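Read the structure below first, then the notes.
The values are calculated or read from the model by the stated rules, or taken from the named source; none is laboratory data. The structure presented is a predicted model; accordingly, all values stated were derived computationally and were not measured. Methodologically, a virtual Cβ is constructed for each residue, glycine included, from the backbone with ideal geometry; neighbour enumeration extends over all protein chains shown. When the accessible area is computed, the model is the full protein with side chains, heavy atoms only, and any ligands, DNA or RNA have been set aside. Shrake-Rupley method; radii C 1.70, N 1.55, O 1.52, S 1.80 Å.
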Amino acid sequence: MKRSKWDQRIQRAEELAAAHPFAAEVLLFYKQIATFQKDLYFYIEGAQSEYSAQNISNSFREDLDFSLLLPKFLKFLQLAERIAPTQIAQAAGDLEIQGNGRWHDLLASCWRNAPDFHSTPKDTEALLASLFLQPYAEYIADHSEAVPRNQNLAVCPCCSAKPVVGVLRPEGDGGKRSLICSMCSTEWPFGRIVCPACGEETVEKLAVYTANQFDHVRVEACDTCHCYIKTVDLTKNGLAVPVVDELATIPLNLWAQEHRYVKFQANVLGI
Ligand SMILES: [Zn+2]
Ligand SMILES: [Zn+2]
């Protein structure tokens, strides 16, 4: 039986946590969040088949189905309070006692502002809301009509959020580049030598950096806008799961910070 994408992420987080102790804390936290997200995704799917007359909207512009989501948000906050790093756990605990009305407003506001979900990674409540809403976004993306693909678009063609990581997939003798959405995980093709943040195409302005311990992941930085994104090269390591390998490659973040590059889009943990 084919493993679900959730199982692939969970298993990859376990493998990388064992191989790279410096990233173990982040990855084991992610693993538990991904396990919750997997359950939520299949809960949404189950609810859809039960109430097929009242499908959740197939659009990112419509309102959330709060009757479906609010009861699960309490469970999510309880989990985060138990397992998250201190700052996130405290925010989860504070939210937990505020109740349905506040949760409704927070989730609604995050959903409306989906493209900017992670633009303020220091906003811990928005981070919690986006972690919780990702499976919902992914469910909608998985069940939406195909959308027109625009090679030059640096935002998700489904939900308009920014990409969290790039991917190189085998094509001919080289690799074909695509980007993965930070919110709904849609993957879309993107030019190989273009900065997603500002569109810079001059090779001399685009720096590439790899670290010894991860030769399949590289930082792609731009000297025009000083943004960077990581790209996972599946032609070098076919076992990589881009969103998880992105989390594990902490030394690349440090290199980028030292060189004053700013990440184009923070990952699921706000990093
Ligand atoms: Zn998206
Ligand atoms: Zn740029």
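Yes/no per residue for (1) within 16 Å of Gln265 (Cβ to Cβ); (2) among the aromatic types (Phe, Trp, Tyr):
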residue	(1), (2)
Ala161	yes, no
Val165	yes, no
Leu168	no, no
Cys181	yes, no
Phe190	yes, yes
Ile193	no, no
Pro196	yes, no
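For every residue, the table says whether it meets (1) touching a residue at least 40 places away in the same chain (Cβ under 8 Å); (2) over 19 Å from the mean Cα position of the chain (by Cα).
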residue: Phe214; (1), (2): no, yes
residue: Val217; (1), (2): no, no
residue: Glu220; (1), (2): yes, no
residue: Thr224; (1), (2): no, yes
residue: Lys230; (1), (2): yes, no
residue: Leu234; (1), (2): yes, no
residue: Leu247; (1), (2): yes, no
residue: Phe264; (1), (2): yes, no
residue: Ile271; (1), (2): yes, no
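Residue by residue, here is whether (1) modelled with pLDDT under 95; (2) in contact with an Asp or Glu (Cβ under 9 Å, 6 or more places away or on another chain) holds:
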position: Lys38; (1), (2): no, yes
position: Ser49; (1), (2): yes, no
position: Arg82; (1), (2): no, no
position: Pro85; (1), (2): yes, yes
position: Ala92; (1), (2): no, yes
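Per-residue answers, yes or no, for (1) closer than 30 Å to Asp7 by Cβ; (2) not acidic (Asp, Glu):
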site: Pro163; (1), (2): yes, yes
site: Pro170; (1), (2): yes, yes
site: Gly175; (1), (2): yes, yes
site: Ser182; (1), (2): yes, yes
site: Ser185; (1), (2): yes, yes
site: Arg192; (1), (2): no, yes
site: Glu204; (1), (2): no, no
site: Cys222; (1), (2): no, yes
site: Val243; (1), (2): yes, yes
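Please determine whether any residue of region 21-43 is basic (Lys, Arg), open to solvent by 60 Å² or more (accessible area, probe 1.4 Å) and more than 24 Å from Leu252 (Cα to Cα). The answer is no, given that none of the residues of region 21-43 is basic (Lys, Arg), open to solvent by 60 Å² or more (accessible area, probe 1.4 Å) and more than 24 Å from Leu252 (Cα to Cα). Picking from residues in region 238-261 that are open to solvent by less than 40 Å² (accessible area, probe 1.4 Å), of a type outside the set (Val, Ile, Thr) and not in a helix (DSSP H, G or I), the one that is nearest to ligand 1 (Cβ to nearest atom) is Ala240. Going by what's in this entry, would Lys236 be described as among the basic types (Lys, Arg), over 29 Å from Asn113 (Cα atoms) and touching a His at 6+ places or on another chain (Cβ under 9 Å)? Spelling it out, Lys236 is indeed among the basic types (Lys, Arg), over 29 Å from Asn113 (Cα atoms) and touching a His at 6+ places or on another chain (Cβ under 9 Å). Taking residues in region 180-202 that are on the phi > 0 side of the Ramachandran plot, and partners anywhere that are near ligand 2 (Cβ under 8 Å from one of its atoms) and among the charged types (D, E, K, R), not one pair has Cβ atoms closer than 8 Å while being at least 6 places apart or on different chains. Look at Ile140 and say whether it is assigned to a strand (DSSP E or B), within 13 Å of ligand 1 (Cβ to nearest atom), in contact (Cβ under 8 Å) with a residue 12 or more places away in the chain and closer than 25 Å to Leu107 by Cα. It is false that Ile140 is assigned to a strand (DSSP E or B), within 13 Å of ligand 1 (Cβ to nearest atom), in contact (Cβ under 8 Å) with a residue 12 or more places away in the chain and closer than 25 Å to Leu107 by Cα. Taking strands (runs of 3 or more DSSP E) as the structural unit, those lying wholly within region 183-224 and holding at least 2 residues that are modelled with pLDDT of 95 or more and closer than 30 Å to Trp111 by Cα correspond to 214-222. Here Val155 clears all of (1) in contact with an Asp or Glu (Cβ under 8 Å, 6 or more places away or on another chain); (2) within 16 Å of ligand 1 (Cβ to nearest atom); (3) hydrophobic (A, V, I, L, M, F, W, C) except the condition numbered (1).
How many of the residues in region 155-200 are more than 16 Å from ligand 2 (Cβ to nearest atom) and in contact with a Gly (Cβ under 9 Å, 6 or more places away or on another chain)? Residues flagged as more than 16 Å from ligand 2 (Cβ to nearest atom) and in contact with a Gly (Cβ under 9 Å, 6 or more places away or on another chain) within region 155-200 amount to 6.
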